[in-house]
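Below: the structure, in structure tokens.
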Amino acid sequence: MAERKKLCYGMVGGGLGAFIGAVHRKAIALEETADLVAGCFSSKDGKNQETGSFYGIEEDRLYKDYREMAQKEAQREDGIDFVSIVTPNATHYQVAKAFLEAGIHVACEKPLCFTVEQAEELQALAAEKNLFFAVTYTYTGYAMVKLARELVEKGEIGEIVNVNAEYLQDWLIDEIGGGSQTTTKLSVWRTDPEKSGISNCVGDIGTHIEDTVSYITGLHPKKVAAALDNYGMELDLNANMLVEYENGVHGVYSCSQVCAGHLNGLTVRIFGTKGAIEWVQEDPNYLKVTKKGQPVQIYHRGTGYITGRAAELNHIPSGHPEGLTYAFANIYHAFMSAVLKQINGREITQEDLDFPKVEDGVMGVRFIHAAVKSSKNGSVWTEV
């Protein structure tokens, strides 16, 4: 059999007009490795049909139910190689489980699911079926985040002694006090426990802090002491957290969706015995590096002195900004490379596995639950 050159994929969720579905499709298209051939894009039949028609999906591969899609695609000789799940949080678990049981690789939006038990079940199922499972924590896809990781691994800033990270937004500020006004349609489900889960702010953006810090440093939270603020809403809109890592080092995380003037202000600062690094998501093509007793250095993406994965995943010349879609593309680049190599029976390298995996999704769910539990119990230290 000839070696496969391309993959085909399906999508659940992401009907026309849905923000995150479009981002995923554009990111996958940038890699030119997979074609969209099947979908269950919306629970609303009209929207599903409209989206399928727009993307040229054949009628027999446009599904009204994701379970039917998983079963039928698994039975086709030309069935999808992986599915991209871009639905609201409440459906991640059951959709991912259906495709794993059908033997189909999965890429899923975060958070992975509602409960730790569900997350661990998906992890075990993916391992049992020998399937790749990506959880699309966006920010680990940025080239300069990969450079930050490389510098930490090489010991450029010494032993890590402190971490400070924040993710500040303001798009839910009108929700303070539990008023009836909603700033965007997203807030309708993000602040609804039945759709979002036990947390809004920590589950939406606090989990990005945890994953990005863990990716850069290799440190995972062992305990958390958290204070979550709901401001009259059912779910949190603001959170401040102390974190203790496995090696005893401490960090401070702050996430909020009610900070006026802040849009997507993810900033990660890692301090070591020899220096520090700082990365700002709204200016993602630069990495600030400070060595003890030396002037501050600013590393620019795409330049000749950039090495490793950050250099390999450079898409466009330096001075031209790469943003969110390229970060997603880098995640899909590795994930799709691993899937394609498995299909072709080729050796899978560490570079192919450089994407957020199901175990990262499990840790994210553990972190969310620990933060909520800590806050409810008076901000006591709580095991993650």
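Using the structure shown, list the pairs from Lys47/Lys97; Lys129/Lys341; Lys146/Lys223; Lys195/Lys222; Lys129/Lys195 with a Cα-Cα distance above 19 Å, or answer none.
Beyond 19 Å: Lys47/Lys97; Lys146/Lys223; Lys195/Lys222; Lys129/Lys195.
Where in the chain are the DSSP H helices whose C-alpha atoms run 18 Å or more along the long axis and whose mean Kyte hydropathy is at least -1.0?
In the chain, the long hydrophobic H runs are 19-31, 116-129, 324-344, 358-376.
Using a 10 Å cut-off around each Cβ, can you sort Asp60, Asp65, Asp81, Asp192 from fewest to most neighbouring Cβ atoms?
Values: Asp60 9, Asp65 12, Asp81 22, Asp192 17.
Going from sparsest to densest Cβ surroundings: Asp60, Asp65, Asp192, Asp81.
When Rg is the radius of gyration of the Cα atoms in region 250-384 and Rh is its Kirkwood radius, what does Rg/Rh come to?
Ratio of gyration radius to Kirkwood radius: 1.02.
With 20 Å bins from zero, work out the P(r) of the chain over every alpha carbon pair and list the percent per bin.
In order of increasing distance, the bins hold 28, 59, 13, 0 percent.
Sort Cys201, Cys8 so the one with the fewest other Cβ atoms within 10 Å of its own Cβ comes first.
Fewest-to-most ranking of Cys201, Cys8: Cys8, Cys201.
Ordered by packing density, taken as the mean number of other Cβ atoms within 10 Å over each peptide's residues, highest first, how do 226-233, 340-347 rank? Can you show the working numbers first?
Numbers: 226-233: 17.9, 340-347: 12.9.
For the peptides 226-233, 340-347, the packing ranking is 226-233, 340-347.
For region 7-131, taking Cα atoms only, what is the radius of gyration to one decimal and the Dmax to the nearest whole Å?
Cα only, region 7-131: 13.6, 38 Å (Rg, Dmax).
Arranged by the count of other C-beta atoms within 10 angstrom, fewest first, what order do Thr51, Thr349, Thr267 take?
In order of increasing Cβ crowding within 10 Å: Thr349, Thr267, Thr51.
Under 5 Å between amide hydrogens, which residues at least 5 positions from Val161 or on another chain qualify, with H placed 1.01 Å from N in the peptide plane?
Correct list: Phe271, Gly272, Thr273.
All of the numbers you see were taken from the coordinates with simple rules; none came from a lab. Worth saying up front: this structure is predicted, and the values here are computed from it rather than measured. Cβ coordinates were reconstructed from backbone atoms using ideal geometry, including for glycine residues, and neighbour counts include every protein chain displayed.
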